[in-house]
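The values are calculated or read from the model by the stated rules, or taken from the named source; none is laboratory data. Not measured: the values here are computed from a predicted model. Here the Cβ positions follow ideal geometry from the backbone for every residue, glycine too, while neighbour counts run over all protein chains shown.
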Amino acid sequence: MRFKDKTVLITGGTRGIGRAIALAFAKEGARLALTYYSNEDAAQQTTALIQGEQHIFLRSDVSKPEEVRKVVNEVALQFGHIDILINNAGIYIPHSIIDLPYKEWIYKWEKTMGINLNGPANVCYCVANYMIHEKKGKIINITSRGAYRGEPEHPAYGAAKAGLNSLTQSLAKKLAKYNISVLGLAPGFVDTDMAKPYIKGPDKEKILAQSPLNRAAKPEEIAKAVLLLSEDGIDYLTGSIIDMNGASYFR
């Protein structure tokens, strides 16, 4: 088992991409700490699906700094160390700059940035300080194709993911001397509940045709890539943002 005795913290780990990543790590022997925001049903479903008994599930709003610190401290206390962090929690809220009242624009902008950028930044801070003590670790941030191509109906999402890419590269430079690798994985559309209104909606044919594969990614494909990036022996990839968008966008 590739990740036997490794502790993996996955934010947003009980549904969609996060659940697929959790299941893949569990099959490879990892001990998991999975956070979720509010969906208790999804957490229970993931509990029933996952292999092993050493895993913990923690309810947390990653946009709240004190909840982040509490969760990371709890994981370190339970398992003694954190080997791998997967920053996956995210939201995708439409908020056109043209159509919204100013107060609603501000609310949706701040909510998106809080979960998609500020949250991962604070999780990185708290986890990195444990990894620095151990002088090893992997941090993988799930970013997005939207960081590069622009998101006209979801501008805070695109801005947050671009910021997360930059954060990934900044931390890769800063943490390299502690043997901590920091990478980003930037998918396009993935077949999850969050993407369902788009990939199964009235414009689905146009959206799926963005990729010459004529489909969205499967969550399991993203999970396989995350496991590959989490393996030992590829430290020279640190600072890389890996595109995984089915050839739908090149940069």
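Things worth noting here:
- Residues satisfying the stated conditions in the stretch 201-224, i.e. out of contact with any helix residue (DSSP H, G or I) (no Cβ under 8 Å at 6 or more places or on another chain), part of a helix (DSSP H, G or I) and under 17 Å from R15 (Cβ atoms): E221
- If you check A176, A162, A186, A121 for being within 19 Å of R251 (Cβ to Cβ), modelled with pLDDT of 95 or more, assigned to a helix (DSSP H, G or I) and small (G, A, S), only one passes: A162.
- Hits in the stretch 66-80 (condition: surrounded by fewer than 19 Cβ atoms within 10 Å (Cβ to Cβ) and either closer than 11 Å to T7 by Cβ or in contact with a Ser or Thr (Cβ under 8 Å, 6 or more places away or on another chain) (or both)): E67, K70, Q78, G80
Here is a yes/no grid of residues against (1) surrounded by 15 or more Cβ atoms within 10 Å (Cβ to Cβ); (2) within 15 Å of G90 (Cβ to Cβ); (3) among the hydrophobic types (A, V, I, L, M, F, W, C):
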position: G184; (1), (2), (3): yes, yes, no
position: P197; (1), (2), (3): no, no, no
position: K206; (1), (2), (3): no, no, no
position: L213; (1), (2), (3): no, no, yes
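- Between I50, I86, I56, the distinction of being hydrophobic (A, V, I, L, M, F, W, C), crowded, with 22+ Cβ neighbours inside 10 Å and under 19 Å from G18 (Cα atoms) belongs to I86 only.
- Pairs with Cβ under 8 Å, 6+ apart, first in the stretch 204-233 and more than 17 Å from K27 (Cβ to Cβ), second charged (D, E, K, R) and assigned to a loop (DSSP other than H, G, I, E, B): L208/R215; R215/D191; A216/D191; A217/D191
- Of all residues in the stretch 93-107 being in contact (Cβ under 8 Å) with a residue 40 or more places away in the chain and either surrounded by fewer than 19 Cβ atoms within 10 Å (Cβ to Cβ) or of a type in the set (A, V, I, L, M, F, W, C) (or both), the one that is nearest to L164 (Cα to Cα): I93
- Hey, I97 at negative phi, in a strand (DSSP E or B) and in contact with a helix residue (DSSP H, G or I) (Cβ under 8 Å, 6 or more places away or on another chain) or not: no
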